[in-house]
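Step one of this worksheet: look at the structure below.
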Amino acid sequence: MELLRIALKDLTRRQGRSAYLFIAVLIPVAILSTIMLTLDNADSTLSNLASKFGFTLSIQPKNVKQERIDQVGVVLGETLDGKLVEAIQQTILARVEGEEQKLVISPRLYETTDIVKDGRTSPALVAGLNLDAERTARPSWSLSVGRWADPGRNEAVAGGTFARVNGLSPDDLVSVAGRSIRIAGVLENYNSSEDHMLFVDLETAQELFSLGGRVSLVNVQSVGLDRNPDLMKSVIGMLNTSIPNIKAISPQQFTTLKFVLLKKTFRFLLAIVLATIIVSVFSIFNIVTTALYSRVREIGLLKSVGASRRQLLLIFIYEYLLVGFVAGTFGFFVGMGCTWILDRFLLKLGSSVILNPAYLLGAVTIGMVCSLSASYYPTYRLSGIKITESFRSQWEV
Amino acid sequence: MQATMEKPLLELRDVAKVFRLASGEVTAIENISLAMNAGELVALVGPSGSGKTTLLNIIGSLDRPTHGDVCLQGERIDTLSEERLVRFRREKFSYIFQDARPLRMLNVLENTLLPFNFFKPADRNGKLKEEGIEIIRSLGLGHRLYHMPNQLSGGEIQRVAIARALITRPLVILADEPTANLDRENRLFVIQTFRNLTREKGLTIVFSTHDLEMAGIADRVLHLQDGTLVKVEDGDCCPCPSN
């Protein structure tokens, strides 16, 4: 315990050198954590999105920019003519045999507005859709409470988070764009953008927002296309060329492609991180060696008052393990911050950065191993110096 | 002066030390035989390079002689393993170096008690701090107990080194030019303290110095030149300075 106390006191006194060492450990740990967390988040986010989306294709206005993957299937500000639905259906049926009974086409209309409940106004993203078609395409969709809304009866289903934030429960009445709408049920949470929406019948939405006959996008579920990626590519190409001003995309393909690309990029970055770790270990080695040479007299003094080589070695190991521990921990949290920034401003996956104890443990271990492996040899060497030599040393700083 | 018929505490027999350097062999000391008794204050004097520090290191088991025997209380210490020497040094010796500054991150009391971070005498548990405070006070540093080294003067730093040397209750204290960087007042304080310790506590203290005035306070003065003991005088050879 006394040795640990000496190590702690020494670290706090030599703040400059401790800071150098801290940074030398923190940088590779932070980079490594960023990469691991980003890959992990991308994997889970994209897998979730791909599995939850439920549709094979999403057909949107051509000039809509899809910046975030979690926003695939959400279009605001641009609309398509609802009559395109028929053209889309015919194009697909012309290429995919036996789809007449299986093909599900579900147009959606999105609009932002305010809702009023008990005199309180809150912003809302309203999605008008065909609930029957949606439920056919996405059998996993289920309600946590209440029932499904009846079309044409001014009823709505609220996303889980939306209902919670606005205190909505079945049979509540809310005013949407001046019309009184009854909440029929509340959806389960699916960790997607739909958790934050209010769903009404498509025609109701078109009336509410004076957008008769317009849709924001058209979702398509086609078993035939799902089973045949080549055919899907071909149909996407045909839709994009034969129908003006639309853009057909496959969310599943989009997410998978993006993840593969991301993984390849990060594998390359991982190689760079390993190189960074090696460079960092050498930096730590140099910092420790210089630091120890400046402490030769101190080593001599400690030996002269009875410190054995093992005890000296322990003091230094405690010091470097402590630095590795603190830098590893900080490095991980810096990595979490970088992951969030990377996602928010560059990758736009819409991931939520979650504290993963296993990764934290890994980061701390890497920090301690880096620090210890780089410092052990100079520490071992200098702890063996003779007392008589230490006081002749000219290395005092 | 101790009775000469007593068995000596420390004995060196025909001791020599040769350093093997790239440029050839250098004989630091040779043919040195001497004995020291408990409670004796011994000064080593001689010009630079005469072998004072080498002799002190060999007496204090910090270095091994190339030739000859070193015995403490009748036991040869020059042949002990490094591990045993560490234990031996903890129990029997304390060292005061010319420029052994205290650890900067510890205060005066913590520096004094520093040895007990590495070993704990079984019979003194719980009393170490009180004893440390008492020693520091006896050296006139009672008001500096919790001061950091950078708040101390050179003389006070050397007193901390003395306190640290005393706390382990050694048999022998070896001091390599302990007064080199001090003014006369502090030099006198250090050497008079040594003298009092030898007389009151029965410690054996060996110190090296260039200062004949300080050497004169010792019971015996050993003159070294070119690595050999050329003269041994009683301390009263030099006029004892007044305080």
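The values are calculated or read from the model by the stated rules, or taken from the named source; none is laboratory data. It should be emphasised that the depicted structure is a prediction, and the values quoted were computed from it without experimental measurement. Methodologically, a virtual Cβ is constructed for each residue, glycine included, from the backbone with ideal geometry; neighbour enumeration extends over all protein chains shown. SASA here: full protein model, heavy atoms, side chains in, ligands and nucleic acids out. Shrake-Rupley method; radii C 1.70, N 1.55, O 1.52, S 1.80 Å.
Observations
- Accessible surface of segment B:10-234, 1.4 Å probe: 45 percent of it comes from carbon and sulfur atoms.
- Per-residue SASA remark: A:D150, around 60 Å² accessible (1.4 Å probe; ligands, DNA and RNA not included).
- For segment A:145-159, Karplus couplings with θ = phi - 60° (6.51, -1.76, 1.60), whole Hz, Gly/Pro x: 9, x, 9, 6, 6, 8, x, x, 10, 6, 10, 9, 10, 9, x
- Average Cα contact separation per residue, segment B:10-234, under 8 Å, 6 or more apart, as relative contact order %: 32 percent
- Note on exposure: A:W141, A:W340 ranked by accessible area (1.4 Å probe, complete protein assembly) read A:W340, A:W141, with the most exposed listed first.
- Principal-axis analysis of the Cα atoms of chain A puts helix A:251-293 at an angle of about 10° to the longest axis.
- Fraction of accessible area attributable to carbon and sulfur, chain A (%, probe 1.4 Å): 59 percent
- Amide H contacts under 5 Å for B:A175, placed H, 5+ residues apart: B:I96, B:V206, B:F207, B:S208
- For chain B, the longest principal axis of the alpha carbon atoms and the long axis of helix B:128-138 meet at an angle near 80°.
- In the protein assembly as shown, inverting the average of 1/r over every pair of distinct C-alpha atoms gives 31.6 Å as the Kirkwood radius.
- Annotated for segment B:10-234: lysine pairs at least 8 residues apart or interchain, Cα distance under 19 Å, count 6.
- With a 10 Å cut-off around each Cβ of B:112-118, the average count of Cβ atoms from other chains is 6.
- A cut-off of 5 Å between modelled amide H atoms, ignoring neighbours fewer than 5 places along the same chain, links B:L41 with B:I205, B:D219, B:R220.
- Hull volume in cubic angstrom per residue (convex hull over the Cα atoms of segment B:10-234): 133 Å³
- Probing with 1.4 Å while keeping every protein chain in the model, the per residue accessible area of the protein assembly as shown equals 46 Å².
- Solvent-accessible surface (1.4 angstrom probe) belonging to A:Y376, in square angstrom, nearest 10: 100 Å²
- Those residues of segment A:360-386 for which accessible area with every protein chain present is at least 20 Å² below the isolated value (1.4 Å probe): A:K386
- Extended-chain gain in nm, criterion 0.36 nm per residue less alpha-carbon gap, A:K9 and A:R164: 50.7 nm
- Counting only alpha carbon atoms, the long axis of helix A:84-95 and the longest principal axis of chain A meet at about 80°.
- Restricting segment B:30-89 to GluC sites (Glu not before Pro) that sit in a DSSP loop and have at most 10 other Cβ atoms within 10 Å of their own Cβ leaves nothing.
- B versus A: buried accessible surface, summed, Å² (probe 1.4 Å, to nearest 100): 2200 Å²
- Mean ellipticity per residue at 222 nm, deg cm²/dmol - from DSSP H runs of n ≥ 4 across the protein assembly as shown, formula -39500 (n - 2.57): -15000 deg cm²/dmol
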